[in-house]
Structures are given as structure tokens and as C-alpha cells.
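Notes for the one structure printed next.
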Amino acid sequence: MTVEVELALTVGGLYAAGLYMVLRRSIVKLVIGLALLGHAANLLIFTMGGLVRGQPPLMHPWDTRLWGRFADPVPEALILTAIVIGFGVQAFAIVLIKRIYLDMGTEDLRELQSTDITP
Amino acid sequence: MIVAVVVGFVLGLLAPLVVRVARNGTGWITGLVPIGLFAYFASFLNRIQAGETLFFPYPWLSPLGIGLSFRLDGLSLLFALLITGIGTFVCLYSAGYLAGHPDLGKFYGALFAFMASMLGLVLSDNLVALFVFWELTSVTSYLLIGFDSEREAARRAALQALLVTGAGGLALLAAFVLMQQAAGSFEIAILVERSPDLRTSPLYAAIIFLVLTGAATKSAQFPFHFWLPNAMEAPTPVSTYLHAATMVKGGVYLLARLSPVLGGTDLWRDWLIPLGTVTMLTGAWLSLVQVDLKRILAHTTVGALGACVLLIGMGTQGSLQACMVFLLAHGLYKGSLFLVAGIVDHETGTRNAADLGRLGRAMPLTCIGALLAALSSAGVYPFLGFLGKELLYESTLVGFTPVLLAPCAVAAGIAFAGMGAVVGVRPFFSAQGRFSGQPHDPSPGMWVGPVLLGMVGLLFGLFHGPLHSALITPAVRSCILQAGDIPTPSWHGLDVKLALSALSLLMGGALYWKWSALRGRLCRWRNVGRYGPAAGYDHALCLLEAFARRQTRFFQSGRLNVYLIIVICTAVALLACALVRDNISFSDLVLQRWADVKTYEAVIAAILLTATVVTVRAQSMLVAVVALGVVGYCVAVVYLLFSAPDVAMTQFAIETLSVILLMVVLLRLPRLRTFSTSRQRLRDALVAVSAGLITTLLVLVVTTQARNPKLADFYARNSLVLAKGRNVVNVILVDFRGFDTLGEITVLAVAAIGVYSLVKLGSHRDRIPEGPPFGGEARGDDVSP
């Protein structure tokens, strides 16, 4: 199985895009960047776990264990957890930046360096 | 033995309590500790005199070959007696000198800790233990010099002493490690036996240099001599104890202790003799231009330490004998002179030698102590100082290049004699005195020190035969491998060294009489110090500070993107190093693995990457959110294609939710704005693309490695048997790793509470004018989904 090359490029592209967005001064872009980085990290783990086509880690009703080739269930379980947690973080971040924007009237990180509220 | 060393640290902790309880008797009670230790060490005199060397090994870091082993031989005993003996008088004296000071308890605590460290230093037989005690003396001396911590000068001097001696300590540690490398042991006793290995080792020159650096910083040798006069900011008892009698002799002790290990070579002599001579002359010369009593004493101390190093450098039996006698005599008279200077300062409020006079009648007892010390310092017969000076001159006459060294020694002798008299005689007998107040003799605790120390100097001088056999000869024996018969110095009749002694006494007298006039002329030279090593120290400190400030400003910019760039670049650089080191071939990674890609997979990947680019370049929020959704869906399809249906389902559901959330919450924001310049964007893009590239390479490299299937096999086998489930991923989540999932749910719940409260919380803008914070009515915001 040598399809990793394709996914390696995808992961690299997602990382580059995510990091670029995280480096922006707009706090909205920063959150978008975090979402992209989340995808990138999940795919990275997924790819490193080994790619298998059409062999999910499911048993036939008549088997008592998995036989032959099957996709590694461990990274899948990890990623599943990561997706859900990532969503929790993202939801919180989205609401938080909305609040910041409403309170501070800006989305520029450079202007959000003080803990004091400027009237 | 270990009790004797450690007791100081323990009592140091108790000292504040003792001070509070004892009140006026503080000096006499605290003095019991050093006098008790003095008696303990004195009880070994007989055995040491008989030529024994006592070892007291205690296990410490045994696996590393580091023990807390102590040794007691002539050299250790001489120092231990000096430390505890003078420590007694310092304890007595401090109670009077610092009477009523609110921090007296802390002072005694630091003083005891210092005494214990110093004892540990001179008793350790293990180099690592010795280093620990060495650094402890630096730390405690920092506390003592900076005792008057509200004065900036005191803090500065304390820091200077700590930095200079601490840096020397590090050099010393390096030297000790090298010695262990070369000879295979940290024990001095073993190193002495293996000294031929050390002397022929290729590391020998480096060891000598590092040991010398350590010793030179501690003992204020040129060019590190500047910290000692500055340390005169310390309270006078501290100057007496640390800067005359004990700590500054630590470097001399170390050189003496290591001379049977490292000494006796041409290299040793070539370094030590010039170092000692230059220091001796520097100290003597600089003492002439001072007017502050304590600074005069500090500079002559520098000179005396130089003389000690010079004598150790010669390394002959006679010169080591001279060193020990000179060192003892100096400890006695210089300690006494410092105490006198402190009393004069205490009573008159000034330490300016030019302003002092006519104190002899007002404080007769102090005057006696001062006179005894000054006479010993001048080297007048029959004081111990006379003997020390005689031996010094003799060593320079019979040793190496007497033509050069003897005049230097005599010049230093003249300065010691003259300046000793300026401190010990002039304030009491000079005709003029400009100071305020009614000086009188202080409390007995204060005058007993100088008087007794002066008397001891006289007694040792009169009865130097027993002194020699009991203390000096054993001390010399422990510094030299094959000691022959060490003769007791005796009257030789008129000879060259006596003539030199008389000459230095005469010239010293002349210096004393003409000091006022001479000083005026010499003062012109005073500013030379501005270009000396002290300026180098200041400069180095400034540079360090500027460097730290610039570095902090760079790393702690307070800007998220700068932090991230640093983190990303570091990670990229490290990964790149690893990849380069492993010498990965590009063709193995990519070219041969391209064949298997199916068309529909390539299409999905292309859509994914295109959507990513659209997300990054989007100008409007709507486009960005939709493109982000496409990315998420494509990722879900990838999961689906490669046998992860559960993950794919979750991804579809979550992606849908988050797109909705983004739409509802963020669509009301204005258009996405660009804040940075195109140059910054280019820089960020370069950083991001390089990180992406390195990740790609990382994935390619990792996927070539064989994976360990053990964990997957375990779940494949046991999923049904143990957990009654056929969907292995599900079984892992809800059964095998059920607690992880519980934690995950908790995180989600916390996030939900956070989201809810942020949504419900009224805007600050609305609430602030309404008075008490958090008191205003929470207004439901219409951003909730």
C-alpha cells in the first residue's frame, strides 16, 4: 500500500494552511487556522497508523475475532476522541472571540495585548 | 567530625532564637560555639603533631564515587583553629558592634553557616564535597557582605563578590572533573598517590589553569583583586572574619592542599610565582593611596595573599614553611587591625585615616590591641610578624631569581609596615583629629578580640619553637610529599635577610611619617583604577544585562505570531536535522510509492487542497466558512475510503455542527480583514510552507517504518471475548478506554458550560457604566444558536 504519498502531501498542505492562518493578526482567522490544524493533526495520526482500503475493524457475525488484514483500530479510536474534543474547543473559541469582538470592538490581536478595558 | 562541621548550620537556624532570648549576653553565648569547636580541634593537636593524618569517611553519593570524607592533617588543623579561634572573637565583637540591630539574629545565622562552610572546605578530602563547601562560602559571604541590604553599595559589592567567586567556583568544578578524568578519583588522598599520572596527563595544563582561576578569584589575586576592597561595604566583623582571616585564604588553602597533587612542575611555578608577585605589588601599591581604614587593610590583605601564593608557587620546604607562618601571623594581626578599625569607626563615626588622631588616651585598651597588631604587621622583633617576614625574605633570597623577587618582597614589606602603622598607630597618636562625639573604649566583648589576638601574635613570636612543632611543621608536611627535617627558624646573626628586614622597617617608618604628604602626590594615580579589571567587570555586567534585555525583548515580545514563529522554526529545524542525519533518499520516499494512487482518491485530495487554499484566501466570512466545511467533508471522505467508517460518521456530524455554529455566531462580524503587510504575509507563508513540507517528509519517513501490531492484535483478539462487541473501535472507546471517554465527555460538558455562560453574560460595554462589576443585570445576548 503506497497511497501514503498522496495523504502526506494533503497533511503537509493542511499544516501549512493552518499554521499560516494561526499566524494572522485577525482573531477570526486564527480560529479558522485552529480548525485546519485539527484536521491536519487527525489526518497525520491516521496516515501514520497505516492506510488500508475497505477493511474496517468490524467483525463478521460469525467470527470471534478479526482475521487477516484490517485497519488499525487504535488510531481510529484516538482520532474519534480528538474530533469531538476539537469541536468542544472550537465551539468555545468561536463564542469567545465573538464576545471579545463585542466587548473590545476589534479583532486585531495586536490591539488585544492589555488586560485593562479601554473605554 | 561530621557533627563538628554540621553544627554550625544547625545552630545558624537557631541563632535568631538565641539572640532574642540572650539579649545582652548574645555575644558571650554565641561565642561558646566557636570556642567549643576550637577546643575540639585543639584536642587533636597531639596526634597531628605525632605525624598522624586522621580520616573520617561518611558515605554520601557512593555510586558516583563521592563521599563526604573529611581529613584532619596539619594543614586542615591550622586552618580549623584559625577559623574557630578568630570566629570566637568575631562572635563576641559582633554583639557589641551591631547591638540593637533588628536583624542581628539573621546575621549570626549567616555567620554560623559561613563558619560551618569554611570548616567543611578545609576538612574535605573529597573534591566534590570541597566544591560544595567552597560555593557555600561564596553564598554565605554574599549574605554577610550584603547584610546592610538597604544600602545599594552593599548590595552591589555583595553581588560582585558572589559573581566573581562564583564564576571561579565553576572553573574549579571543571578542574575537579578533569582531575577525576585524568586520575580516576575525587579523593585527594588517592590523587596524591596518583599525582605522576596527573602531571603527565594531557589535561594537566587545563587543570592548572582552572584551579588557578578558582583560587585567584577566591583569594583576590590579580586581576580579580578588585572585589575584596569593594567588599569592605560589609559590617566590620564580617570583613575581619571573611576578608582577612579565613575566606580569602580559601584559595591559598586550596593551592597548598593541591600542591602535592599538582605542584612542583615548571608550569606550576611559571604561573604561580608571577601571579603572586604581581598581586603582592598591586595590593601594596594600591594600599598607599587609600584613606579609608578598611580599604587600606583590604589592599594590604590583597598584597599578603599575593605573597602566600608566591610562596606556594616556589614550592620548596622553606617557602611553604614561610607561607604557613606568614599566613598565621597575617590572620592574627590583620584580624586585630580590622576589629580596631571597626571600633574606631563605631566610636568616632569615621574611617578616614586622615581625619583621625589623639584617640590613644580616650581608648587605651583598643590602643594596646592596635599597637600590638601594628608592630606584628611591621615585622618588629619579637612578634610573629617578624618571623613571617624573615622567612618570606629568606625564601625569595634562596629561591628563584632572587634579584627580581627579593626587591618585590621588600617593597611589599615596606607597604605592610607603613600602612599597618597608619591604621594601628596614627589614629591614636596623630596630633590632629577631626571627628565628632566622645570616643571611649567599647564594651569588653569588643576590645577583647584585638587585644587577645595581638597578645597571641606576641606570644607566638616569643615562643615559636612549640608553635613550630605543634602547628607549622605538620602543616608543611601535609603540603609536601617527601618532607625532610624542617628546622625551627632561629637566630642566625647578622645576615642579608635581617638587613632587608631592618631596611623595610626603616622605610616603613619613613612611609608612615611622610604618608600625608606622599598621599597627595600619589592620589594623582588614583584614577588609574578606572581602567583596571574592575572596569572590565562593570563592562561585562553591562553587556550581559544588555544582552539579556535584547534577548527577552526578542523572545517575550508579547505577540502571538512571534512566539509561534519561534516555536515553528525550532520544530522545523530539529526535524530537518533528524531527517538530514538519517540520510533519507528522496526516490525511495516518493517516486516508487506513487503507483498505487487511485483516481477518485486523487480527486478527493485535490478538492481538499483546493478548498484549503480557498479558506486561506477568502475575503468574506461566508466563503471561508463554506470552504472550511468542504475541507472537513473531504477529510471525512478520506476516513471513509480508508476503512474508518465510525470516524467518518463522527467527522460528518461534527463538521456540520461546527459550520452551523460558525455561520450563526460569526457571520455578523464584518468582512475578514487583512492587518499585516505583504512582507509579513510572505514571511509567514514561508514559515508555514516549510513546516508543511517538513510534515510531509515526516509522514513519508514514518510510514516506511514497520509498525508494531501488538496493540491492534490485542484488540482484535479480545474485543468480542472480553467486551462483547464486534465493532472494535466502539469497544475501545466505551469499554477498554471507557475512562478516557468519560474524560472526553467531561471536557465537552465544561466547554458547553463555557459557551453557555459566555453567551449569557452581558457585554462589558453594556455593563461597565452601571456601577458594580458583575452587579449589573445580565442581558441575554441574541448570539445563542
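Values as computed for the structure displayed
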| item | result |
| --- | --- |
| Relative contact order (%) - criterion: Cα under 8 Å, at least six apart; region: region B:560-719 | 27 percent |
| Theoretical ellipticity at 222 nm over chain B - DSSP helices of four or more residues, -39500 (n - 2.57) apiece, nearest 500 | -23500 deg cm²/dmol |
| Sorted by Cβ density within 10 Å, fewest first, the residues B:440, B:330 | B:440, B:330 |
| Residue-by-residue Karplus 3J(HN,Hα) for region B:419-429, coefficients 6.51, -1.76, 1.60, Hz, glycine and proline x | 6, x, 5, 4, 7, x, 10, 4, x, 9, 10 |
| Stretch gain in nm, segment residue B:679-residue B:667, where the contour uses 0.36 nm per residue and the Cα spacing is subtracted | 1.4 nm |
| Shape parameters for region B:615-709, alpha-carbon atoms, Rg then Dmax in Å | 17.5, 51 |
| Helix-only [θ]222 nm of chain A, DSSP H runs n ≥ 4, -39500 (n - 2.57) each, per residue, nearest 500 | -21500 deg cm²/dmol |
| Placed amide H near residue A:55: partners under 5 Å, 5+ positions off or other chain | A:71, B:643 |
| Long-range HN-HN contacts of residue B:66 with modeled amide H, under 5 Å | B:61 |
| 10 Å beta-carbon shell around residue B:366, net charge (K/R +1, D/E -1) | -2 |
| Charge dipole (debye, nearest 20) of region A:57-119; +1 at Cβ of Lys and Arg, -1 at Cβ of Asp and Glu | 280 debye |
| Loop trypsin sites (Lys or Arg not before Pro), region A:1-103 (other Cβ atoms within 10 Å of the site Cβ: 12 or fewer; DSSP) | A:69 |
| Averaged over A:28-40, number of beta-carbon atoms from partner chains that fall within 10 Å | 6 |
| Value of relative contact order over chain B, rounded to a whole percent, pairs C-alpha under 8 Å and six or more apart | 10 percent |
| Cut-off 13 Å between beta-carbons: net charge of the residues surrounding residue B:685, Lys and Arg +1, Asp and Glu -1 | +4 |
| Sequence of B:713, B:148, B:485 once ranked by neighbouring C-beta atoms within 10 Å, starting from the fewest | B:485, B:713, B:148 |
| Extension gain, residue B:614 back to residue B:535 (0.36 nm per residue minus Cα-Cα distance, nm) | 22.3 nm |
| Average partner coverage of B:644-655, which counts Cβ from other chains inside 10 Å | 6 |
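Bear in mind that the values in this text are calculations on the coordinates, not laboratory data. Since the model is a prediction, treat every value here as computed from it, not as a measurement. With ideal geometry, Cβ positions are generated from the backbone for all residues, glycine too; neighbour counts draw on all protein chains shown.
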